[in-house]
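Enquirer: Dumping the structure here so I can ask a few things about it.
The values are calculated or read from the model by the stated rules, or taken from the named source; none is laboratory data. It should be emphasised that the depicted structure is a prediction, and the values quoted were computed from it without experimental measurement. With ideal geometry, Cβ positions are generated from the backbone for all residues, glycine too; neighbour counts draw on all protein chains shown.
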Amino acid sequence: MSTNELPQIKIAVVGYGSQGRAHAMNLRESGFDVVVGLRAGGPTEVKAQADGFTVKSPAEAVKDADLVAVLTPDMVQKKLYNEVLAPNMKQGACLLFAHGLNVHFGMIEPRADLDVVLVAPKGPGALVRREYEIGRGVPCIYAVYQDKSGKAEQFALAYAAGLGGARANII
């Protein structure tokens with residue numbers, strides 16, 4: 001899948017650590033409209049702004065996003081989803097995780113109207129970014145947990161391609 005084939009969707013990346021930064025930068029450079037959702041005054045807010053991203057609170061970032069990528073530590077995801085993301089995500093959006101723990105083990109029960117997918121690059125964020133910058137990519141594993149729209153797989157594949165995963169392999 002080339003970047004010319006990627007659907008034009010708005011992506012909210014929630015979290016800006018190792019994976020969050022790499023995902024946000026690669027997706028933006030692949031042509032996606034990316035906003036970063038972070039706590040005000042959090043440790044990565046200044047870094048995301050310096051990288052040229054619009055930074056909003058997670059609640060505001062997800063309101064009009066077609067796809068919400070949850071790239072925060074596993075231990076905060078349940079509270080973040082239940083208290084901030086679920087009440088503010090638009091109807092029919094796609095919820096994406098890079099790790100399946102919380103959904104697989106039932107700690108997060110996604111809203112029934114959402115598509116829910118996993119896209120997991122097989123490397124740390126710095127490698128995902130570095131490989132993208134030199135024209136290569138890191139293989140990505142994807143899975144569809146919930147396909148309300150009938151387009152969940154398309155969302156997952158587009159996101160993985162935007163990371164540079166299609167340059168290596170998407171499994």
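Enquirer: Can LEU157 be described as touching a Leu at 6+ places or on another chain (Cβ under 8 Å) and at pLDDT 95 or above?
Expert: no
Enquirer: Moving on to the next point. Mind checking whether some residue in the range 100-111 is modelled with pLDDT of 95 or more, closer than 19 Å to VAL144 by Cα and acidic (Asp, Glu)?
Expert: There is at least one residue in the range 100-111 that is modelled with pLDDT of 95 or more, closer than 19 Å to VAL144 by Cα and acidic (Asp, Glu).
Enquirer: Looking only at the range 8-60, which residues are more than 24 Å from LYS122 (Cβ to Cβ), under 16 Å from the mean Cα position of the chain (by Cα) and at pLDDT below 95?
Expert: Correct list: GLN8 only.
Enquirer: Right, something else. Kindly indicate whether ALA98 is buried (at least 19 other Cβ atoms within 10 Å of the Cβ), within 15 Å of GLY165 (Cβ to Cβ), of a type in the set (A, V, I, L, M, F, W, C) and touching a Pro at 6+ places or on another chain (Cβ under 9 Å).
Expert: So ALA98 fits the description; yes.
Enquirer: Next question, about the same structure. Wholly within the range 56-171, which helices (runs of 4 or more DSSP H) include no fewer than the required count, namely at least 2 residues that are free of Cβ contacts under 8 Å to residues at least 12 places away in the same chain?
Expert: Qualifying helices (runs of 4 or more DSSP H): 74-80, 125-133.
Enquirer: Let me ask another. Just checking, does the range 113-132 include any residue being more than 19 Å from ALA161 (Cα to Cα), surrounded by 13 or more Cβ atoms within 10 Å (Cβ to Cβ) and in contact with a helix residue (DSSP H, G or I) (Cβ under 7 Å, 6 or more places away or on another chain)?
Expert: no
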